[in-house]
Amino acid sequence: MKTPAEAAARWRRWRHGWDVVVILVDRDLKALYKRSILGIGWAVAAPLLQLLVFSLVFHRVLAVQVDNYTSFAFCGLLVWSWFQSALSQSTGLITSSQALVRQPGFPLALLPFVTVGVRFIHYAIALPILFVFMAVQGIRPGIAWLALPVVAAVQFVLTTGLAYPLAALNVRLRDTQHVVFVVLQLLMFLTPIFYSVESVPAKYRPWFDLNPMTVLLDAWRGVLLHNHWPAAGPLTLLGLIAVLLVWVGERLFVSQSYRFVDEL
Amino acid sequence: MNRGFAIAAHGVGKQYLRRSDPARTWRELLTGRGLRGTSEQFWALRDVTFVVEPGSMLGVVGANGAGKSTLLRLLAGIGRPDEGRLEISDRVNGLFELGGAFLGDLTGRENALLAAVVAGFTRAEARAQMDPIVDFAELAHVIDAPLRTYSTGMMMRLAFSVAVHTEPSVLLVDEFLSVGDLAFQSKCLAKIRTLKDGGTAVVLVSHGMDQVRLLCDRALWLRDGRVVALEAAEVVAGAYEAEMLAETVRRTPDRPPVDLGAGRELRINENRFGSQDVEIERVELVSGSRLASGGALDIAIHWRAETAVPAPIFSVTIRREDGVICVDTNTRVSLVEVPDLAGQGSVRVRIERLDLGAGQYFVDVGVFEQHWRHAYDYHWHVYPLVVEGRTALKGVLVPASRWTIG
């Protein structure tokens, strides 16, 4: 039996947790762009420049053949950027958040949500550009778009779930940050962002399917570009793995945070 | 809080691994240094038992490395004790790492809101407290300017103001905020007292025994992680100072006597104590060695330091012939910031009205290590002062007084 007082305390804790995430996301966004001329416009400019270069190389030089290439590549690029930037940034979370780690009673486990949230906002800001490309290439919204929040949620939780153990590991081994950076760079080319996974030779295909980002990109593109409902099986499995990662990783994260301040 | 305590520690112990050299990079890990390095366990804190009631203040004293910070950290909920039990009421806030989450590009108001939410308020609660926070920090005129335009003092004021306005039931204070001007510091002390009277339990880590005497009800003395004493603040402060004296004697080097003229000599471990890292070369009673009762006393202390010494404390004590201390003041209680010293220079103090009874006194001057750990130089019973005028009879003071018979 829960007394009303306990229920109120619990509600307040959730409320406070939400407010912490909101205010820290706000802080990080302001910190990133407060003194830059283009400001939050970089969220749009950066992927556009990347798209320009990569589509030149893959589409024109290497002659990758995919329908509606611009929308296809930009969709992949945005989804991947969200994943990559969130993960590489959150690896250093504990080591760069000393002040918060030392704040009595601060809900540390929320920190990765903040980083993944900030990068999600960048993603959301750039999305309208993708819609423009799609409109130009004659792609219209369909009923399957209702699945978008689910796909986004799975990616959000998965990224957070990976961020926890990486940030925890980085406390003991500072090289983790660099390793993650390099691995993500390489993984970018092993993920079908600028080419279609269909064009991968059959004998390598199973390896590509092990990449969770392949599954997610497939879901995003299916929904956005072809109005296809995402395949429930892989997405559900990924979601379950993500929740498990968060559940285990969070404990690891908090205990390593304390160890970190202990060592100072 | 009706359990009768805000903090209860039962035999609390915290163990750390003192690693000589753990693997920090993957290369070291791969070349076999391992994640543990060579390690030994040591107790940073052991068998610590105490209770802090709501509305009372506990001072924590001890040398650096005695476990004070470890204790504070455990109280703040950062890490858990390896031994014993720690019971703490829910809303803990600390006056350390002040403004750690602050960001220069945000305005003062945005930062205050951020700090209040980080400290445990919801956004709505934080907004409701914003006016009192800004008023207390005396920053209303600049609160919407970016924080990077603030001085350090202004930043500390804002951070402190946020911390004391988050209605903590336990307030942890590490060292004292030596930043900010005198008026603001006394305002902070007053605010801490108000919180205390309102039922907040305060734990104050301090190196200043005067502060401990003045503010704390009880004090806990830690040495090498263990409790040396847990008594009334006055008692612990006295004992701690006595130990400091012993430490000073131990550190005092052998030096030939210094002739001061007029038949007076400075002799090591007789009337001169201290490590001599800062030497008091000459003490000048600018107003003369004879003074009319009620007159002003001016003292100039000329010092020399061969190597740089961090922010020492200067003290002046006036002692009657029979040893009764009549005046005792120092740069720390006067909230005067002494910079790091190197080379030579002088420090002056003026006591506006010295209403002492006629008689023989001595002016004792000293310069101390910044945490009162030992004296650099202390001259005792060297500089005589004769006060002339009315007698204080059995008292010490002869303040201006008027009788009215009616």
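Only the coordinates and a few stated rules stand behind these numbers; no lab work does. Please read all numbers here as calculations on a predicted model, not as lab measurements. Ideal geometry is used to build each Cβ from the backbone, glycine not excepted, and the neighbour counts take in all protein chains shown.
Each 10 Å bin from 0 upward holds the following percent of the Cα-Cα pairs of the range B:197-312: 10, 27, 28, 24, 10, 1. Residues of the range B:319-349 with the amide nitrogen closer than 16 Å to a label point 7 Å from the Cα of B:Ala296, along Cα-to-Cβ, please. Backbone N within reach: B:348-349. Sequence-distant contacts, meaning Cα pairs under 8 Å at least 6 residues apart, place the relative contact order of the range B:258-388 at 33 percent.
Placing +1 on the Cβ of every Lys and Arg and -1 on the Cβ of every Asp and Glu, with nothing else charged, gives the range A:157-264 a dipole about its Cα centre of roughly 100 debye. Model label points for A:Ile241 and B:Val336, set 7 angstrom from Cα along the Cα-to-Cβ axis, are 6.9 nm apart. Dipole of chain B computed with +1 at Lys/Arg Cβ and -1 at Asp/Glu Cβ about the Cα centre; of B:Ala296, B:Pro146, B:Gly263, farthest Cα towards the positive end is B:Pro146. Where both bridge residues fall in the protein assembly as shown, DSSP classifies roughly 75% of the beta bridges as antiparallel. Where both bridge residues fall in the range B:59-204, DSSP classifies roughly 10% of the beta bridges as antiparallel. Pairs of alpha-carbon atoms within less than 8 angstrom and 6+ residues apart define the contacts here; what relative contact order does chain B have, in percent? Rounded, it is 14 percent for chain B. Taking each residue as 0.36 nm, the span from A:Phe131 to A:His178 lengthens on full extension beyond its C-alpha to C-alpha distance by 13.5 nm. Volume per residue of the convex hull around the Cα atoms, evaluated for the protein assembly as shown, comes out as 239 Å³. In a reduced charge model with +1 at each Lys and Arg Cβ and -1 at each Asp and Glu Cβ, chain B shows a dipole moment near 560 debye about its Cα centre.
Summarising the amide proton neighbourhood of B:Val173: residues at separation of 5 or more, or on other chains, whose placed amide H is nearer than 5 Å comprise B:Leu95, B:Val203, B:Leu204, B:Val205. A Förster radius of 45 Å combined with the Cβ-Cβ distance from B:Gln360 to B:Asp224 puts the calculated FRET efficiency at roughly 0.55.
Near the amide H of B:Arg332, within less than 5 Å, lie the amide hydrogens of B:Phe314, all on another chain or at least 5 residues away, with H placed in the peptide plane. Charge tally for A:Ala163 (other residues, Cβ to Cβ under 13 Å; Lys, Arg +1; Asp, Glu -1): 0.
Spin-label pair B:Ala183-A:Leu32: with each label point 7 Å from Cα along the Cα-Cβ axis, the two points sit 4.3 nm from one another. Sequence-ordered 3J(HN,Hα) estimates for the range A:54-63 from the Karplus curve with 6.51, -1.76 and 1.60 and θ = phi - 60° stand at 5, 6, 4, 5, 7, 7, 7, 6, 8, 6 Hz, glycine and proline given as x. Remark: the B:Glu234-B:Asn64 segment gains 59.1 nm on full extension, using 0.36 nm per residue and subtracting the alpha carbon distance. For the range A:4-263, build the charge dipole from Cβ charges (+1 Lys, Arg; -1 Asp, Glu) around the Cα centre, then report which of A:Pro165, A:Ile129, A:Leu32 sits farthest towards its positive end. Value computed over the given set: A:Leu32. Straight Cα distances below 21 angstrom link B:Lys187 to the lysines B:Lys196, with same-chain residues fewer than 8 positions distant left out. The string of couplings for the range B:75-87 from the Karplus curve (6.51, -1.76, 1.60, θ = phi - 60°) is 5, 7, x, 8, x, 10, x, 7, 8, x, 9, 10, 10 Hz, one whole number per residue in order, with x for Gly and Pro.
Here the sum of -39500 (n - 2.57) over DSSP H runs of 4 or more residues, divided by the residues of the protein assembly as shown, equals -14000 deg cm²/dmol at 222 nm, to the nearest 500. Close amide H pairs (under 5 Å, H built 1.01 Å from N) link B:Arg91 with B:Ser169, B:Val170, residues at least 5 positions away or on another chain.
Karplus-based coupling profile of the range B:9-15, in residue order and whole Hz: 10, 10, x, 6, x, 9, 10, with θ = phi - 60° in 6.51 cos²θ - 1.76 cosθ + 1.60 and x standing for Gly or Pro. Pairing the Cα long axis of helix A:4-33 with the longest principal axis of chain A, what angle in degrees results, from 0 to 90 and rounded to the nearest 10? With both axes taken from Cα atoms, the answer is about 50 degrees. Computed from the C-beta positions of B:Gln344 and B:Arg148 and an R0 of 51 Å, the FRET efficiency is 0.85 to the nearest 0.05. Dipole magnitude for the range A:4-263: about 420 debye, using +1 per Lys or Arg Cβ and -1 per Asp or Glu Cβ, origin at the Cα centre. Here's the list of aspartates and glutamates a cross-link from B:Lys14 could span, going by alpha-carbon distance under 20 Å and ignoring same-chain residues fewer than 8 apart: A:Asp262, A:Glu263, B:Glu40, B:Asp47, B:Asp82, B:Glu83, B:Glu87, B:Asp174, B:Asp224. Residues of the range B:365-391 falling in the label zone of B:Ser289, defined by backbone nitrogen less than 13 Å from a point 7 Å along Cα to beta-carbon, are B:381-387. Taking 0.36 nm per residue of sequence separation and removing the Cα-Cα distance, the B:Ala242/B:Ile268 pair yields an extension gain of 7.5 nm. For the options B:Ala342, B:Ala305, B:Ala392, a Gaussian network treatment of chain B with springs between C-alpha atoms closer than 10 Å singles out B:Ala392 as fluctuating the most.
Dipole of the protein assembly as shown computed with +1 at Lys/Arg Cβ and -1 at Asp/Glu Cβ about the Cα centre; of B:Gly357, B:Phe121, B:Asn64, farthest Cα towards the positive end is B:Phe121. Rounded to 0.05, the FRET efficiency of the A:Trp229 and A:Ala9 pair, given R0 = 60 Å and the Cβ-Cβ distance, is 0.90.
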